[in-house]
Amino acid sequence: MKNKKIYIAGHRGMVGSAVTRKLESEGYSNLILKTSSELDLIRQNKVEEFFQNEKPEIVIVAAAKVGGILANNIYRAEFLYNNLMIQSNIIHSAFVNGVEKLIFLGSSCIYPKLAPQPLKEEYLLSDYLEYTNEPYAIAKIAGIKLCENYFKQYGCNFFSAMPTNLYGINDNFDLQTSHVLPALIRKFHEAKINSTGEVVLWGSGKPKREFLYVDDLADAVYFLMRNVNAADLYNQNISQINIGTGEDLSIAELADLISEIIDFKGRIIYDDSKPDGTPRKLMDVSRINNLGWKYKTPLKEGIEKTYNWYKQQLENN
């Protein structure tokens, strides 16, 4: 297994870099890693050429255009088009070139806005999506269904894993395009450094979210790569498998935790004229737990690691 030729699409991103670290730490050395300047995944002919030349045996699809509530709502066409193209090119070329196993990584935003909690795999396509991230979610759902139907029509060992909200090393801290947790780290850090007396946050603080440290996701991907096949999911009439902690907290509780870790002493103000997004997104992770995988990193420990990494980047730059 350890000499298998593994292509990690998106190896420079937070998820792809964590998967790369995990595989390297487990002794996998035959990894194919291409930057976006070396391989433009939106260009079908380039992806086809790459697969013909490299012939990877296992593919992990961690490449995607991603962002938080603001970016999702502003760049709607880009989120839909870019993600559709990236995953379609990779999945089809994997089929054409006889890839042994492909794992496509999605997001918990694929589930309906008002789905029952916790989110079971069966809830996919059971109701309407949350408006702000609908284009991204639709692209990811298309990727899930591509994998499922390449299995149903051709028997391809392609399946999808849906992580909850992720954070960690190599996260995006740009306030215009980041997710909530890194945005909060940056806001509280800058408020502390600049001796600002308050931090203003979007929304009411009431929505509840679940967070998984990205190295735990990489561990789950490694587990799935070694222990799970497409038929294991599709024979249960599910299209994807959830990855998360099975625990959540409110945005206000998260803000309090991050302000404590950063040692910010000022006030936290909630601007409830701004959108909250989905009220709650807690994953049902009983399936992957029953298979033998469970997360390891407590939220406070993960945030401390992420904050230390963020400070290191600021010092290096």
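The values are calculated or read from the model by the stated rules, or taken from the named source; none is laboratory data. Every value quoted in this text rests on a predicted model; they were computed, and no experiment measured them. In this analysis, Cβ positions are derived from the backbone assuming ideal geometry, glycine residues included, and neighbour counts consider all displayed protein chains.
What to note about this one:
- Residue in region 30-48 that is more than 30 Å from P275 (Cβ to Cβ), in contact (Cβ under 8 Å) with a residue 24 or more places away in the chain, outside any loop (DSSP other than H, G, I, E, B) and in contact with a strand residue (DSSP E or B) (Cβ under 6 Å, 6 or more places away or on another chain) present: yes
- Pick from region 261-278, criterion of a type in the set (S, T, Y) and assigned to a loop (DSSP other than H, G, I, E, B), ranking: modelled with the lowest pLDDT: T278
- Verdict on I32 being at pLDDT 95 or above and among the hydrophobic types (A, V, I, L, M, F, W, C): yes
- Within the option set L254, L249, L282, being surrounded by fewer than 18 Cβ atoms within 10 Å (Cβ to Cβ), among the hydrophobic types (A, V, I, L, M, F, W, C) and within 12 Å of E210 (Cα to Cα) holds for one residue only, L249.
- Residue in region 279-293 that is modelled with the lowest pLDDT, counting only those that are part of a loop (DSSP other than H, G, I, E, B) and within 17 Å of the chain's Cα centre (by Cα): L282
- Looking across region 57-82, the residues that are modelled with pLDDT of 95 or more and touching a Lys or Arg at 6+ places or on another chain (Cβ under 7 Å) come down to E57, I58.
Per-residue answers, yes or no, for (1) under 27 Å from I288 (Cβ atoms); (2) over 24 Å from the mean Cα position of the chain (by Cα); (3) not basic (K, R):
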residue: K187; (1), (2), (3): no, no, no
residue: E190; (1), (2), (3): no, yes, yes
residue: E210; (1), (2), (3): yes, no, yes
residue: V214; (1), (2), (3): yes, no, yes
residue: M225; (1), (2), (3): yes, no, yes
residue: A231; (1), (2), (3): yes, no, yes
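- Tabulated pairs, region 173-202, first at negative phi and assigned to a loop (DSSP other than H, G, I, E, B), second among the aliphatic types (A, V, I, L, M) and modelled with pLDDT under 95, C-beta under 6 angstrom, 6+ apart or interchain: L175/A183; T177/A71
- Pairs with Cβ under 7 Å, 6+ apart, first in region 282-306 and within 15 Å of D232 (Cβ to Cβ), second charged (D, E, K, R): R287/E121
- Residue match in region 157-173 (condition: surrounded by 21 or more Cβ atoms within 10 Å (Cβ to Cβ), hydrophobic (A, V, I, L, M, F, W, C), farther than 30 Å from H92 by Cα and within 14 Å of the chain's Cα centre (by Cα)): no
- Options F95, F50; residue that is over 19 Å from S160 (Cβ atoms) and out of contact with any His (no Cβ under 8 Å at 6 or more places or on another chain): F50
- Any hit, region 103-112, residues being surrounded by fewer than 16 Cβ atoms within 10 Å (Cβ to Cβ) and either of a type outside the set (A, V, I, L, M, F, W, C) or closer than 19 Å to G277 by Cα (or both): no
- Positions within region 235-246 being part of a loop (DSSP other than H, G, I, E, B) and either crowded, with 18+ Cβ neighbours inside 10 Å or within 24 Å of the chain's Cα centre (by Cα) (or both), in sequence order: Q236, N237, I238, S239, G244, T245, G246
- Cβ pairs under 9 Å, 6+ apart, first in region 243-261 and more than 26 Å from D219 (Cα to Cα), second of a type in the set (S, T, Y) and in a helix (DSSP H, G or I): none
- Any hit, region 222-234, residues being touching a residue at least 12 places away in the same chain (Cβ under 8 Å), charged (D, E, K, R), part of a helix (DSSP H, G or I) and more than 28 Å from E26 (Cβ to Cβ): no
- Residue count, region 203-221 (criterion: in contact with a Lys or Arg (Cβ under 8 Å, 6 or more places away or on another chain) and not in a strand (DSSP E or B)): 8
- Criterion: aliphatic (A, V, I, L, M), touching a Cys at 6+ places or on another chain (Cβ under 6 Å) and either assigned to a helix (DSSP H, G or I) or touching a residue at least 24 places away in the same chain (Cβ under 8 Å) (or both) - qualifying residue of A142, A137, A94: A137
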